[in-house]
Amino acid sequence: MFGKRLTSTVKPPAASSPGQPGKPPEPPKNAASSPPPAPKPKVSREKLDRFNELKTQLHRKLIDQLDLARMVGDEETLREQVREIVTGLADQENTLLNFTERQRLIAEVLDETFGLGPMEVLLKDPLISDILINGPKQVYIERRGRLELAPIEFRDNAHLMHIIDKIVSAVGRRCDETCPLVDARLKDGSRVNAVIPPLAIDGASVSIRRFGRDPVTWDDYVGWKSVTQEMRDFLEACVKSHLNILIVGGTGSGKTTLLNNLSSFIPPEERIVTIEDAAELQLRQPHIVRLETRPPNIEGKGQITIRDLLINSLRMRPDRIVVGECRGPETLDMLQAMNTGHDGSLTTIHANSTRDAVQRVETMVMMAGFELPVRAIRNQFASAIHLIVQAQRLTGGPRKIVTITEVQGMEGDVITMQDIFSFEQLGINGKGRAHGHFVAHGIRPSFLDRLKASGQSVDSGMFDRQVLMTDEE
Ligand SMILES: Nc1ncnc2c1ncn2[C@@H]1O[C@H](COP(=O)(O)OP(=O)(O)OP(=O)(O)O)[C@@H](O)[C@H]1O
Ligand SMILES: [Mg+2]
């Protein structure tokens, strides 16, 4: 099989388990400025139920009292007006709440009115990277790479459904019996997926991937030893020289984060078209057109797929096309676009190694029903993709760029590739985290002249066989 004839000799790092629960911390981000984690209320079940009941009553009374026609102003002013009404209503209630509980009651009614109810407190914590809701009474969060139970719950399934409805209707989608699976995003760009009963057996399930106000930057990558400075500089030169780059990795390995960061190297004068299922990319360039797919309507019509958008984008005079993820028939179109003058395009696919990427692409093209011989698909791949970059979540939680591989071309029926840089895992440290070192393999990429011709100078010493950086044990 062609896998045997690949020229690289580099072993992938020891198996990691992306997406597994219970991972130790990622390095903290802005830890100093982050609010303390939501306090876990140490209250009895009955007290909690009474508190929730009171909150519901207050919320109902608030809705009865609100005169929407007379409420004007921006969100801050409205919030103040509503806070006054809620405080008045709370005063009328004959309850034995202490000062803190009363403040919490008012804050939660406001969150219910203006935000996403119980989830608001989690959304305010910038250290939370995932919020996973398994029915109304169980919410998990990932904080610093570790999964933990969150001290919040929803009143019942109807309450959770109401919040889901708020999220998806804000982006013009819906989630009901005819459309029980939905992708959406929050105002801050976080990606949301919801599955509701009867498909989700134990109540609606919501998975939120947060990028939040503080997306991971290149400084973070280098500071957290996710990549070396040399690798970062090399990738910058490759993006600026219009190489086509494929990012690969497993679930939650950091593909989208890497796509975002690679795209940040695209010069501001170029016209970028981004295509995604749920818009997650946060690019800062001035000349950008962001496109998002659309699910079918209630009659099953009107669906717009990644492929439709990709084909359309070719008529939009893009300098660069950035596709969030290729997972179906759009894969072949993406390769063709890269081969036909849209150099410098970037995308990701779900694959567990740079070699696996080729097989994944072959499978996706064949499953899409294109009757192309394998050799033709490989030819397309080899001439379209210049560089493959692999992201991986290693044992214990650290996420790294573990391989940068050049696609050199075809030898007979086989695609030849060379690893230029990679991370070699040497073991697991006392904290249960993988450690190892980044190495350069002594391979000079064949496109060095192209980098030079585009005015990108990289220090060619970085390619000499050497250890570039070691993780502390
Ligand atoms: N190098 C890194 N160090 C620490 N955290 C990271 C790193 N890269 C990404 N992350 C965080 O890991 C989480 C997952 O990242 P991301 O969404 O990019 O993964 P993905 O591979 O695109 O996931 P999916 O397969 O679900 O689309 C995010 O919260 C992101 O902020
Ligand atoms: Mg992603």
Name the pairs whose Cβ atoms lie under 8 Å apart, with the first residue in region 346-359 and under 19 Å from Met410 (Cβ atoms), the second within 16 Å of ligand 2 (Cβ to nearest atom) and modelled with pLDDT of 95 or more, and 6 or more positions between them or separate chains?
Thr354/Val248; Thr354/Gln390; Asp356/Val248; Ala357/Leu246; Ala357/Val248; Ala357/Ile349; Ala357/Ala351; Gln359/Ala351
Pairs, please: C-beta under 8 Å, at least 6 apart or cross-chain, first residue part of a strand (DSSP E or B) and in region 249-265, second within 9 Å of ligand 1 (Cβ to nearest atom) and among the hydroxyl-bearing types (Ser, Thr, Tyr)?
Gly249/Thr348
Based on what the data block shows, is Met316 modelled with pLDDT of 90 or more and under 23 Å from Val414 (Cα atoms)?
no
Just the residues that are in contact (Cβ under 8 Å) with a residue 40 or more places away in the chain and either under 23 Å from Val407 (Cα atoms) or charged (D, E, K, R) (or both), please, taken from region 266-284.
Ile266, Glu270, Arg271, Glu276, Asp277, Glu280
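Conditions (1) surrounded by 22 or more Cβ atoms within 10 Å (Cβ to Cβ); (2) under 30 Å from Gly300 (Cα atoms); (3) within 16 Å of ligand 1 (Cβ to nearest atom), marked per residue:
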{"site": "Ala200", "(1), (2), (3)": "no, yes, no"}
{"site": "Ala204", "(1), (2), (3)": "yes, yes, no"}
{"site": "His242", "(1), (2), (3)": "no, no, no"}
{"site": "Ile247", "(1), (2), (3)": "yes, no, yes"}
{"site": "Glu269", "(1), (2), (3)": "no, no, no"}
{"site": "Ile272", "(1), (2), (3)": "yes, no, no"}
{"site": "Ala279", "(1), (2), (3)": "no, yes, yes"}
{"site": "Gln282", "(1), (2), (3)": "no, no, yes"}
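Residues checked against (1) more than 29 Å from Ile420 (Cα to Cα); (2) more than 23 Å from the chain's Cα centre (by Cα):
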{"residue": "Ile272", "(1), (2)": "no, no"}
{"residue": "Pro295", "(1), (2)": "yes, no"}
{"residue": "Lys301", "(1), (2)": "yes, yes"}
{"residue": "Gly344", "(1), (2)": "no, no"}
{"residue": "Ile349", "(1), (2)": "no, no"}
Checked pairs for region 303-320, first without any contact (Cβ under 8 Å) to a residue 24 or more places away in the chain, second surrounded by fewer than 16 Cβ atoms within 10 Å (Cβ to Cβ) and of a type in the set (A, V, I, L, M, F, W, C), C-beta under 9 Å and 6 or more apart or across chains, list as Asn312/Ile304
By my count, helices (runs of 4 or more DSSP H) wholly in region 302-383 with at least 3 residues that are within 16 Å of ligand 1 (Cβ to nearest atom) are 354-367
Answer yes or no as to whether His441 is touching a strand residue (DSSP E or B) at 6+ places or on another chain (Cβ under 6 Å) and either hydrophobic (A, V, I, L, M, F, W, C) or without any contact (Cβ under 8 Å) to a residue 40 or more places away in the chain (or both).
no
Mind listing just one residue for me: the one in region 239-256 that is of a type outside the set (D, E, K, R) and under 17 Å from Asp449 (Cα atoms) and, of those, farthest from ligand 2 (Cβ to nearest atom)?
Ser241
Quick check on Leu160: is it closer than 26 Å to Pro295 by Cβ and in a strand (DSSP E or B)?
no
Just to be sure before I move on: is Leu186 in contact with a Leu (Cβ under 9 Å, 6 or more places away or on another chain), within 14 Å of ligand 1 (Cβ to nearest atom) and either basic (Lys, Arg) or assigned by TED's automatic domain parsing to the domain that holds His162 (or both) in the structure I sent?
yes
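The values are calculated or read from the model by the stated rules, or taken from the named source; none is laboratory data. The model shown is predicted, which means the values in this text are computed figures rather than measured ones. Reconstructed Cβ throughout: ideal geometry from the backbone, glycine too, with neighbour counts over all protein chains shown.
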